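Peer 1: Dropping a structure here in structure tokens format, bear with me for questions.
Just so it is clear, none of the values below were taken in a lab; they were calculated from the coordinates. Just so it is clear, the model here is predicted, and its values are computed rather than measured. Note that each Cβ is placed from the backbone with ideal geometry, even for glycine, and that neighbours are counted across all protein chains shown.
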Amino acid sequence: MDIRHSKTIVLDQGDPEQKRDEILRYFHATFDVDEKLYETLKHDDTFYLRADRLRHPLIFYFGHTATFFINKLIIARVIDQRINPRFESMFAVGVDEMSWDDLNDSHYDWPTRQQVKEYRDKVRELVDGLIRTLPLTLPVTWENPYWVIMMGIEHERIHLETSSVLIRQLPINQVVQLPFWSICTETGEPPANQLLNVSGGKVVLGKSVTDPLYGWDNEYGLHEVEVKDFKASRQLVSNREFMGFVEAGGYRQQQWWSEEGWGWREFKQAAHPLFWISGASGWRLRCMASEIDMPWNWPVEVNYLEAKAFCNWKAAETGLPIRLPSEDEWNRLRDSCEIPDQPYWDKAPGNINLEHWSSPCPVDKFKTGDFFDVLGNVWQWTETSIYPFHGFQVHPCYDDFSTPTFDARHNLIKGGSWISTGNEATRDARYAFRRHFMQHAGFRYVESAAPIEIHQDQYESDALAAQYCDAHYGADHFWVPNFQVSCADMALAAMNGHRKGQALDLGCAVGRTAFELAKGGFELVTGLDFSARFFRLATRMCEEGYLRYALPEEGEIVSFHEISLTELGLDGVRDRVQFYQADACNLPEKFTGYDLVLAANLIDRLYSPRKFLSMIHERLNPGGLLVITSPYTWLEEYTKKEEWLGGYRAAGEPVWSLDGLKETLEPHFRMVGEPKDVPFVIRETRRKFQHTVAELTVWELK
């Protein structure tokens, strides 16, 4: 397999053993091309430079794509042993910058490049062994272990692209141009751009679960719309065409910019596109590892805010309704050109999939139908904020791939760039970034007076997340007191006579107990949850003070609810509460020094409760308390049977979970008082509720 020209895998047909070999070659090609990208870094020290202050140094991404395999395989229960728990915590979560001025100055004790390379080699060996030995039947679907392996491969290919953007932002003396990453040498002046007709028609988006290609969650479901006739620019906007905006003072005139865009321009003091270099000898362009004389006939690369400002200026200059295309319009243009999908093409129909150059190329090089660069060269910004299609579901092994972006702040980019490979190069790909984000992205413009549909996702609609929002912050049901408030009250009562410094709420879900503990006098409360959905909702509640959610009533009928900390008397404690995403069985070292650790309804959902219980004493201050609640609902879906604390028979006699707790905690804790019952109710629909009774125990560190 040519590692520069490899394609995503068809997962529903063929001989299983040949498919196994195909997946194996695709995996190694992905690992190889990713490591070749990092060969462009000139020195070991280069790995630790911050190319972008909103992102980690590149050493993080060098490790991240490997740890992703291990963390997802653990979640999917394909493996049960980690390779390096420290790395798999450190490299787990990247920086999702919330704004262009949200700087992250956190300190990390990064390992050496060689240590990370050795770790990558171990991951490669492990995944290689899994591909060679796991049973393989076709088709490969969401539930199949090979889907998780494909998830790791396609995730690594995403970072091939995003890391190349960071390398492009490093000082030029920190990178080296390699033959493998050779750039286009065709430069000159572009032909004049012009608007061409695109006939309207039906656009159908969304994959079915039987689709033969790997897909991310946001690609599934159904969206149908009738698109009206419009005109689109024949070419992408070139550096030369964009220069007209620069020379007209576009970066100095607020009238062309959105409020968000002008705020970004003022903060960055931008006067031209990021990769343009102004010098005494004229304009030059920064490529990934080279600086060259400005290729005026290459596409300009800008963020959405700059592209939007150009369109506003162009509309005023021409008197036409010029704007960026919507996702629907872009797909209508693509469909009208009848372009085959990857992996079904013989040769890439554009500068994409690493099949041509490791840079952009002239905007009039690749023609399909009447248009150039419908696919490839650079990504194309759209006016559409990403949203879920009807029928959207998260994948249980990656529940935060898309849901954090359904906030009307992440705009879709379409078409792919020269380095877009695998899933990124498919028709159904839907990638979105914050509007200030730099990517290998440019744009084409359209002429249309049709309004842009804004798909708002203001209400949390995931059924499980909505249930937890209601359970934490909604009304009581059947006169059963709020469980989170009850847990906090009992924990606070147990703390009588103890110092209330810091508390840790493990398995905090959407956060109510953390706020109640802060209200009860703790100086700082940290909430941790493994679920990205829950963690982000808790964070949103802390930052914004309210949540909205849609509760199922009956069938497709839902009711909409808004809850606020002010109404609950908790708004005044937000500055003493913080939330993080973390694995309770593999906690980062910084989570320590607590006077109280609360683990509410957590232990029977851990993959290794015995490991958790045997180590949690290390996180407590002397004399600190551990409060545990659980209904002891042991299921092999979450916890291997040999890890259960109780709920089974040994030598013919029943073993109860409380006995297992006592045995596991006895070396470091003594139980305080007697166990107490704590009932709770979770509402599923207006006529279906879960009534459960948890057992609460208090343990004091010896």
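Peer 1: Send over the per residue convex hull volume for segment 331-401, Cα only, as a whole number of Å³. Don't skip to the answer; put the middle values down first.
Peer 2: On the way: hull volume 11.4 nm³, N = 71.
Once divided by residue count, the hull of segment 331-401 is 161 Å³.
Peer 1: Let me know the Kirkwood hydrodynamic radius for segment 352-479, please, with Cα pairs as the basis and the value in Å to one decimal.
Peer 2: 17.3
Peer 1: First select every other residue whose beta carbon is under 12 angstrom from the beta carbon of T112; then total the charges, Lys and Arg +1, Asp and Glu -1.
Peer 2: Numbers: positive: R113, K117; negative: D44, D45, D109, E118.
Taking every Cβ under 12 Å from that of T112, the sum is -2.
Peer 1: Fewest Cβ neighbours within 10 Å first, please rank W257, W381 accordingly. Please report the intermediate quantities before stating the final value.
Peer 2: Values: W257 21, W381 30.
The order, fewest Cβ neighbours first, is W257, W381.
Peer 1: Mind checking the angle between helix 304-318 and the chain's longest principal axis? C-alpha axes, 0 to 90 degrees, to the nearest 10.
Peer 2: 40
Peer 1: Between E17 and T141, what is the FRET efficiency for a Förster distance of 25 Å, r being their Cβ-Cβ separation, to the nearest 0.05?
Peer 2: Working: r = 19 Å, r/R0 = 0.76.
The formula returns an efficiency of 0.85 here.
Peer 1: How large is the Kirkwood hydrodynamic radius of segment 451-524, counting all unique pairs of alpha carbons, in Å? Let's see the in-between values first.
Peer 2: Details: mean 1/r = 0.0695 Å⁻¹.
14.4 Å is the Kirkwood radius here.
Peer 1: How about segment 418-523: which GluC sites (Glu not before Pro) there are in a DSSP loop, with at most 16 other Cβ atoms within 10 Å of their Cβ?
Peer 2: Working: sites: E424, E447, E453, E460, E516, E523; in loops: E453, E523.
Here the GluC sites (Glu not before Pro) that fit, given the DSSP loop and packing criteria, are E453, E523.
Peer 1: Moving to a separate point now. Can you tell me the orientation of helix 58-75 relative to the chain, as the angle in degrees between its alpha-carbon axis and the longest Cα principal axis, to the nearest 10?
Peer 2: Rounded to the nearest ten degrees, it is 50.
Peer 1: What does segment 1-65 give for Rg and for Dmax, in Å, if only its C-alpha atoms count?
Peer 2: Considering segment 1-65 through its Cα atoms, Rg and Dmax are 16.1, 48 Å.
Peer 1: Which residue, chosen from A429, I59, I149, occupies the Cα position most advanced towards the positive end of the dipole of the chain, where the dipole is computed from +1 (Lys, Arg) and -1 (Asp, Glu) charges on Cβ about the Cα centre?
Peer 2: Going by the charge dipole, the pick is I59.
Peer 1: Can you list which of the GluC sites (Glu not before Pro) found in segment 137-169 are DSSP loop residues with at most 13 other C-beta atoms within 10 Å?
Peer 2: Filter output for segment 137-169: E143.
Peer 1: Which whole number in µm²/s is D for the chain by Stokes-Einstein, with the Kirkwood Rh taken over Cα pairs at 37 °C and 0.692 mPa s?
Peer 2: Stokes-Einstein gives a translational diffusion coefficient of 119 µm²/s.
Peer 1: Then there is this: Taking N as the number of residues in segment 470-572, what value does Rg over Cα atoms divided by 2.2 N^0.38 Å take? All intermediate terms of the calculation are to be shown ahead of the outcome.
Peer 2: Numbers: Rg = 14.5 Å, N = 103, 2.2 N^0.38 = 12.8 Å.
Rg over 2.2 N^0.38 Å, computed on Cα atoms: 1.13.
Peer 1: Report the local net charge at D364: Lys and Arg +1, Asp and Glu -1, summed over other residues whose C-beta lies under 15 Å from its C-beta. Could you put the intermediate results ahead of the total?
Peer 2: Numbers: positive: R234, R240, K365, K367, R444; negative: E186, E189, E241, D370, D373.
Surrounding charge for D364 is 0.
Peer 1: Can you work out the base-10 log of I(q)/I(0) for segment 180-323 at q = 0.09, 0.11, 0.14, 0.19 1/Å, using the Debye formula on its C-alpha atoms alone?
Peer 2: Each listed q maps to, in turn, -0.42, -0.61, -0.90, -1.15.
Peer 1: Now a separate question. Can you list the HN-Hα couplings for segment 423-436, worked out from phi with the Karplus curve (6.51, -1.76, 1.60; θ = phi - 60°), rounded to whole Hz and with x for Gly and Pro?
Peer 2: 4, 4, 8, 9, 4, 7, 4, 9, 10, 9, 9, 4, 5, 8
Peer 1: Report the antiparallel proportion of the DSSP beta bridges in the chain as a percent, rounded to a multiple of 5.
Peer 2: Details: 65 of 89 bridges.
About 75 percent, rounded to the nearest 5.
Peer 1: Within straight cross-link reach of K42, meaning Cα distance under 17 Å, which lysines are found once same-chain residues fewer than 8 apart are removed?
Peer 2: K117
Peer 1: Based on a Kirkwood Rh over C-alpha pairs, give the Stokes-Einstein translational diffusion coefficient of segment 415-476 at 20 °C and viscosity 1.002 mPa s in µm²/s.
Peer 2: Working: Rh = 16.2 Å.
For the chosen part, D equals 132 µm²/s.
Peer 1: Would you order K7, K228 from fewest to most other beta-carbon atoms within 10 Å of each residue's own beta-carbon? Present the calculation step by step, with values, prior to reporting the outcome.
Peer 2: Numbers: K7 20, K228 14.
Least to most surrounded, the residues fall as K228, K7.
Peer 1: Please compare each pair in K519/K590; K347/K367; K202/K231; K314/K414; K308/K414; K228/K308 to a cut-off of 18 Å on the Cα-Cα distance and tell me which ones are over it. Let's see the in-between values first.
Peer 2: Details: K519/K590 24 Å; K347/K367 14 Å; K202/K231 16 Å; K314/K414 22 Å; K308/K414 16 Å; K228/K308 21 Å.
With Cα atoms farther than 18 Å apart: K519/K590; K314/K414; K228/K308.
Peer 1: Rounded to the nearest 500, what is the 222 nm mean residue ellipticity of the chain from helices alone, with -39500 (n - 2.57) per DSSP H run of 4+ residues and division by all residues?
Peer 2: Numbers: 15 runs with 196 residues, N = 702.
One gets -9000 deg cm²/dmol as the mean residue ellipticity at 222 nm.
Peer 1: Which parts of segment 560-602 would a label at M615 reach, counting a residue when its backbone N lies under 20 Å from a point 7 Å out along Cα-to-Cβ?
Peer 2: Within reach of a label on M615: 580-602.
Peer 1: Calculate, for L568 and E453, the FRET efficiency according to 1/(1 + (r/R0)^6) with r their C-beta to C-beta distance and R0 56 Å; round to the nearest 0.05. The partial results should precede the final answer.
Peer 2: Numbers: r = 35 Å, r/R0 = 0.63.
It comes to 0.95.
Peer 1: Please report the projected area of segment 261-319's Cα convex hull averaged over all directions, in nm². Write out the running numbers ahead of the final one.
Peer 2: On the way: hull surface 20.9 nm².
Averaging across all directions leaves 5.2 nm² for the Cα convex hull.
Peer 1: Here is a follow-up. In Å and from the alpha-carbon atoms only, list the Rg and Dmax of segment 16-180.
Peer 2: Looking at segment 16-180, its Cα Rg and Dmax stand at 16.7, 51 Å.
Peer 1: Would you mind getting me the FRET efficiency between D52 and I277? Use the beta-carbon distance for r and R0 = 22 Å, nearest 0.05.
Peer 2: Working: r = 17 Å, r/R0 = 0.78.
Plugging the Cβ-Cβ distance into 1/(1 + (r/R0)^6) gives 0.80.
Peer 1: On to the next question. Just the number, please: Stokes-Einstein D of segment 463-701 in µm²/s, Kirkwood Rh from C-alpha pairs, 25 °C, 0.890 mPa s. Walk me through the numbers on the way to the answer.
Peer 2: Values: Rh = 18.3 Å.
Value of D from the Cα-based Kirkwood radius: 134 µm²/s.
Peer 1: For the pair S208 and Y546, how long in nm is the line joining their label points, each one 7 Å along Cα→Cβ?
Peer 2: 4.2
Peer 1: With θ set to phi - 60°, apply the Karplus curve 6.51 cos²θ - 1.76 cosθ + 1.60 along segment 176-192 and write out the HN-Hα couplings as whole Hz, x wherever there is a Gly or Pro.
Peer 2: Residue by residue, segment 176-192 yields 10, 7, 10, x, 4, 9, 5, 9, 5, 10, 8, 9, x, 9, x, x, 4 Hz.
Peer 1: Please turn the phi angles of segment 671-677 into ³J(HN,Hα) values with the Karplus equation 6.51 cos²θ - 1.76 cosθ + 1.60 (θ = phi - 60°), one per residue in order, whole Hz, x for glycine and proline.
Peer 2: Values per residue, Gly and Pro as x: 6, 9, x, 9, x, 10, 8 Hz.
Peer 1: For segment 536-636, which GluC sites (Glu not before Pro) are both in a DSSP coil and crowded by at most 13 other Cβ atoms within 10 Å? Before the final figure, lay out each step's value.
Peer 2: Numbers: sites: E543, E544, E553, E554, E556, E562, E567, E589, E618, E636; in loops: E556, E567, E589, E636.
When the GluC sites (Glu not before Pro) of segment 536-636 are filtered for loop state and at most 13 Cβ neighbours within 10 Å, E556, E567, E589, E636 remain.
Peer 1: Under a plain spin-label model, where a point goes 7 Å from the Cα along Cα-to-Cβ, how far apart in nm are E39 and D370?
Peer 2: Going by the 7 Å Cα→Cβ label model, 4.5 nm.
Peer 1: A follow-up question, please. To one decimal place, what orientation-averaged projected area in nm² is obtained for the convex hull of the Cα set of segment 199-250?
Peer 2: On the way: hull surface 26.3 nm².
Average of the hull's projected areas for segment 199-250 equals 6.6 nm².
Peer 1: Restricting to segment 463-701, compute how many DSSP beta bridges are antiparallel as a %, nearest 5. Please list the in-between numbers first.
Peer 2: Details: 31 of 51 bridges.
Among the beta bridges of segment 463-701, antiparallel pairing accounts for roughly 60 percent.
Peer 1: According to a simple spin-label model (label point 7 Å from Cα along Cα-to-Cβ), what is the distance in nm between A650 and D293?
Peer 2: A separation of 8.0 nm, rounded to one decimal place.
Peer 1: What angle do you read, to the nearest 10 degrees and between 0 and 90, between the alpha-carbon axis of helix 16-38 and the longest principal axis of the chain?
Peer 2: Once rounded, one gets 80 degrees.
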